[in-house]
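Accompanying notes for the structure given below.
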Amino acid sequence: MLPQLLAAAPNDPIPAPSVDLTAVLPVLIVLGAACLGVLFEAALPRGKRYGAQVVLSVAAVVAAGAFTVAGGVRGHYAVTFAGSVAVDAGTYVMWGVLLVLALPSVLLMADRVSEPGGAFVAQAAARIGSARDRAQTQVATPMQTEVFPLTLFAIGGMLVFPAASDLLTLFVALEVLSLPLYLLCGLARRRRLLSQEAAVKYFLLGAFTSALLLYGIALLYGYAGTISFSGIAAAISAGSGSDTLLLSGIALLVVGLLFKASVGPFHLWTPDVYQGAPTPVTAFMAACTKVAAFAAMLRVLTVAIGPMTWTVRPVLAVVAVASMLIGAVLGITQTGMKRVLAYSSVAHAGFIILGVMAMSERGASGTMFYLLTYGFATVGAFAIFTVVRKGNGEASSLADWAGLAKRSPVLAAVMSLFLLSFAGIPLTSGFIGKLSVFTAAGGAGLGWLVVVAMFATVITAFFYLKVVVLMYFSPPSGSAGSVGGVDDLPGERTSPYVVVPGPLTAIVIGLSALVTLVLGIAPGWFLDVLAVPLPFSG
């Protein structure tokens, strides 16, 4: 489209870009609901905002999912917005997985029972440690409802990210999904200094990585003379241009995608941000952001730099090994539950890359299935984390989980199911997910990498089973009546305890457990539905 505009004479009419609104209707629904949510914040009385925002957010995600299914069934494919957005069979699969995981994430954010008033601060502008800040925490003042339109904006960016068909759209989508997350990470109701530190760290590292990605885009444009994926692939196939520009641009572009997927060694933000962010936001990032990042990676590697597969694959293999070993080894040394799950996500990112590297339909299907299984287990695990508490906050230390089976046998059993799924134990969805990506990688001639992945799986199983042993075979820790940390109130018990989950959290936990079991016992139909035809549109 840009060359046509440049070639047009000054008096010639500018050609209108082709737009297919039906194809991008899920994106329009989510972003439109986000804008409507902003208007709700400005127009509705404070007491009515929460209900309106929850209904609007859930309805938007469900409606977007319904139109995604309808578009995929009808086979309504299009390359629209002047070739910048590609909606094909692969796009619908990616959107479907993302929206299915976004729904429980939004429900978890909306819960105000496990944490009285909600997991988010009531007034972010209040100075930390001031009388106003202490009062709104102790009295359980209702949380800020701006989190819902921010979440919808992030989901909208995530939908555009894997559908982008040129590098500029890819970058804009990355920023749209990232900026709301930077804000959401700093809105935790408790431990607010840690939350704001996490937000600042995520923002600074994210901005630095965005600059690297943008520089890579500039180098690729200098090489190919175009920013479209298909044009870059054609230029690579023709062999024209400077190899230095090409290789440098690909390296910087891939680094930006690996950072967003929290793949080691580009994971340094992950443990601190996971620990400091509000738990529902951590669940949202761990599940949905990974889907968007790896889905975008699939399209970029398949369409834009597909002719460079044999050059890029060895580099990705080294990154995959590093991510698996970093996550597995460092996860063993962690003493906090959130940090354990953070390093778990780094290890799983290494496993998922195996499916991406296969560059095949089986690999793409296995990757999306793995993301679905990991996402539900992750959201469910963090949902349980919100109801296991100590003092006035969440039980963050692993020692606080000792004897959980005696306090709540059902929650301990469900948490064990999620941990066993992470470990890849048979009859859980995690086993089928690992099997699918390992099989695809083996079929692509990456057998040695599968062996390394199996070795890393054994290591990760150690710290998953350690938590199971703590819950079932260790005596409960703590005592009643003593005063604990800075979040505790005088005379309040500080021994770990379990609160009754609110209706929304209970739905999230139950749905996640059901999906984890069903995908582990009868995965065939889901694997067929998640089949991603290759190559994607250019």
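Laboratory data are not the source of any read-out in this text; all were calculated from the coordinates shown. Since this is a predicted model, take the numbers as computed values, not measurements. Cβ sites come from the backbone with ideal geometry, for glycine too, and all protein chains shown count toward neighbours.
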- Message: Ranking request for peptides 313-319, 378-384, 64-70: highest mean number of other beta-carbon atoms within 10 Å first, then the rest in descending order.
- Response: 378-384, 64-70, 313-319
- In bins 10 Å wide, starting from 0, what share of all Cα pairs of the range 21-113 does each bin hold, as a percent? 16, 42, 28, 13, 2
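Mind ordering 24-33, 102-111 by average Cβ neighbours within 10 Å, highest first? Could the numbers behind the result be given before it?
On the way: 24-33: 22.2, 102-111: 25.7.
Peptide ranking by packing, descending: 102-111, 24-33.
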- Note on the structure: Given the candidates Val498, Leu371, Leu341, the one whose Cα lies deepest towards the positive end of the charge dipole of the range 2-529, counting +1 at each Lys or Arg C-beta and -1 at each Asp or Glu C-beta, is Val498
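Can you compute the charge dipole magnitude of the chain about its Cα centre, using +1 on each Lys and Arg Cβ and -1 on each Asp and Glu Cβ, nothing else charged? Give it in debye, rounded to the nearest 20. Kindly include the intermediate steps, with their values, before the conclusion.
On the way: 27 positive and 20 negative charges, 263 e Å.
Roughly 1260 debye, rounded to the nearest 20.
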- Given backbone amide H placed at 1.01 Å from N, residues whose amide H is under 5 Å from that of Asp166, ignoring those fewer than 5 places away on the same chain, are Phe229
- Charge dipole (the chain, unit charges on Cβ, about Cα centre) - positive-most of Pro307, Gly222, Phe153: Phe153
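Extension gain Glu175-Leu212, at 0.36 nm per residue separation less the Cα-Cα distance, in nm? Let's see the in-between values first.
Numbers: separation 37, 0.36 × 37 = 13.32 nm, distance 1.31 nm.
Stretched fully, the Glu175-Leu212 segment lengthens by 12.0 nm.
Average projected area of the Cα convex hull of the range 226-283, in nm²?
On the way: hull surface 22.2 nm².
With the hull built on Cα positions only, its mean projection is 5.5 nm².
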- Note on the structure: Relative contact order in percent for the chain (Cα pairs under 8 Å, 6+ apart) equals 15
- Task: Starting from the eigenvalues of the Cα gyration tensor, five times each then square-rooted, give me the equivalent ellipsoid semi-axes of the range 419-469, largest first, whole Å.
- Result: 22, 13, 5
- Under the Karplus curve 6.51 cos²θ - 1.76 cosθ + 1.60, θ = phi - 60°, whole-Hz ³J(HN,Hα) for the range 394-401, x wherever Gly or Pro sits: 7, 7, 7, 7, 4, 4, 5, 8
- Convex hull around the C-alpha positions of the range 210-315: the volume in Å³ per residue is 95
- Message: Need one number: nm distance between label points at Leu39 and Val410, each 7 Å from Cα along Cα→Cβ, rounded to one decimal.
- Response: 4.1
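So if I take the alpha carbon set of the chain, get Rg, then get Rh from the Kirkwood formula, what is the Rg over Rh ratio?
Details: Rg = 23.1 Å, Rh = 23.6 Å.
My calculation puts Rg/Rh at 0.98.
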- Long-range amide H contacts for Val87: which residues qualify at under 5 Å (H placed 1.01 Å from N, peptide plane, sequence gap of 5 or more or a different chain)? Ala78, Val79, Thr80
- Task: List, largest first, the extents of the alpha carbons of the range 267-356 along their principal axes, each in whole Å.
- Result: 44, 25, 17
- Query: If amide H atoms are built 1.01 Å from N in the plane of the peptide, which residues on other chains or at least 5 residues away come under 5 Å of the amide H of Phe120?
  - Reply: Arg189
